[in-house]
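Some notes on the structure that comes next.
Nothing in this text is a laboratory measurement; each read-out follows from the coordinates by a stated rule. Quick caveat: nothing in here was measured; it's all calculated off a predicted structure. Glycine also receives a Cβ, built like all others from the backbone with ideal geometry; neighbour counts cover every protein chain displayed.
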Amino acid sequence: MKKASLSDIALRLGVSKTLVSFVLNGKAKEYRISDDICQRVMDVAKELNYTPNRIAQGLRTGHTKTIGLIIADIANPFFGKLGREIEQEAARYGYNIIFCSSDENPEKSAQQIAMLQQSQVDGFIISPPINSEDQIRTLAKGQIPFVLIDRFFPEIDCNHIVVDNFDAAYTATKHLLSLGRRRIANITLNLDLANMKDRTDGYKQALRDASIEVDENLVKVLPFSHENKDVALAINELLGKKDDLKADAILFSTSKIGIMAIECISSLGLKIPDDIAVVSFDNTDAYKICVSPVTVIGQPLKEIGKTAMQILLNEIKHPGVKVKTQKVTLKTEFIVRKSCGS
Ligand code: RIB
């Protein structure tokens, strides 16, 4: 069956293809088209099961009303929730999102950027993998607006939205110290990721400011592709001997690490917070139903999504106009529950 086109709708109503295009692209008010005509166009479009050809629309109007979103892993609760916030904000302005998971692999993100450019996206929102500086530099020299989220490269002048990871980890570590914990560990990811490095730096600074020497044996750095076995090894090194626990508290730099770690702690027969206090980045729902609901560092996902879309739309609407890059650092929320004791 032939796909319905703008011409089919125009022919059916005896109006111009341009009028139909204005109505279907949300420009009816701008061109003073009556509500009655708009309704008739929408009714015929629905009857003919019209679906816009984004590529043709892009060639005709220069816009496909699509945004390419590249994040590490859409299955990760943090990125999944963040992607949802971005998608909802984009829909408010008639934009659709094309999701890509880079798996923190720069070769993958380069392929995804190329695919999205061929798809004529109007802009990018990217959580850049490590070693993807060159592809971000190339984007910065191009014409397609983009904004980095979750981490950025200080040496590249471009839009970014991040949270204050250093301050968040500092606050969480100080909280553990205020409750009398002294042998505080940190389980984190590949410190080539700027946000992970800032988290561990904030944790270490809080220890130093409390005159506690940083013990590198209490800092466990996992590969990005960490699995249960990697987390289990770290937990066993820290807590393997029940009568000689190396740590009395742990800061998890991501919720993915934290959830796997809490399962390991439980399998060792240890109790949270009695034997070990825990704090984690990312306010994932699973933490609320733990036996001792977990004290977390929550990131402002809705605000990140809104801010990213506002920055992009401003540049999309003013093509070619060199606007000042937007560098946004948002505060996190420290949510105290029961996993640190009192
Ligand atoms: O796995 C999700 C975590 O890593 C979040 O804290 C986010 O900041 C990402 O970088």
Review point. If we count every other residue with Cβ under 11 angstrom of Ile33's Cβ, Lys/Arg +1 and Asp/Glu -1, where does the sum land?
Key: +1
Exercise for review: Kyte-Doolittle cut-off 0.0, length cut-off 15 Å along the helix's own axis using Cα: show which whole DSSP H helices in the chain pass.
Suggested key: 228-239, 255-267, 301-317
Practice item. May I ask you to derive the FRET efficiency for Ser267 and Leu191 from their Cβ-Cβ distance with R0 = 30 Å, giving the value to the nearest 0.05? Key: 0.65
Check your understanding: Convex hull volume of the Cα atoms in the chain, per residue, in Å³?
Key -> 166
Study note, to complete from the structure: The local net charge around Val214, scoring Lys/Arg +1 and Asp/Glu -1 for residues other than Val214 whose Cβ lies under 10 Å from its Cβ, equals -1
Review point. Around Phe152, with a cut-off of 12 angstrom between Cβ atoms, what is the net charge of the other residues, counting Lys and Arg +1 and Asp and Glu -1?
Key: -3
Practice item. Using +1 at the Cβ of each Lys and Arg and -1 at the Cβ of each Asp and Glu in the chain, identify which of Ile212, Ala261, Val15 lies farthest towards the dipole's positive end. Key: Val15
Review point. Just Thr51, Thr171, Thr188 to compare: in a GNM of the chain, with alpha carbon springs under 10 Å, which one fluctuates most?
Key: Thr51
Revision key, fill the gap. Here, trypsin sites (Lys or Arg not before Pro) of the stretch 15-110 satisfying both criteria (DSSP loop; at most 14 other Cβ within 10 Å) are Lys27, Lys29, Arg32, Arg92
Review point. Looking only at Lys322, Lys229, Lys271, which one moves most when the chain is put into a Gaussian network model with springs between Cα atoms under 10 Å?
Key: Lys322
Practice item. Determine the calculated [θ] at 222 nm for the chain from helices alone, applying -39500 (n - 2.57) to every DSSP H run no shorter than 4 residues and normalising by the residue count; nearest 500 deg cm²/dmol. Key: -13500 deg cm²/dmol
Point to revise | Separation between Cα centres of the stretch 216-245 and the stretch 182-200, rounded to whole Å | key: 13
Revision key, fill the gap. Per GNM of the chain with C-alpha springs under 10 angstrom, the most fluctuating residue out of Ala90, Ala75, Ala168 is Ala75
**Study point:** Dipole in debye (nearest 20) - the chain, about Cα centre, beta carbon charges: Lys, Arg +1; Asp, Glu -1
**Key:** 1220
Check your understanding: Which is the longest stretch in the chain that no exposed loop site breaks, taking sites as GluC sites (Glu not before Pro) with a DSSP loop state and at most 14 other Cβ atoms within 10 Å?
Key -> 31-154
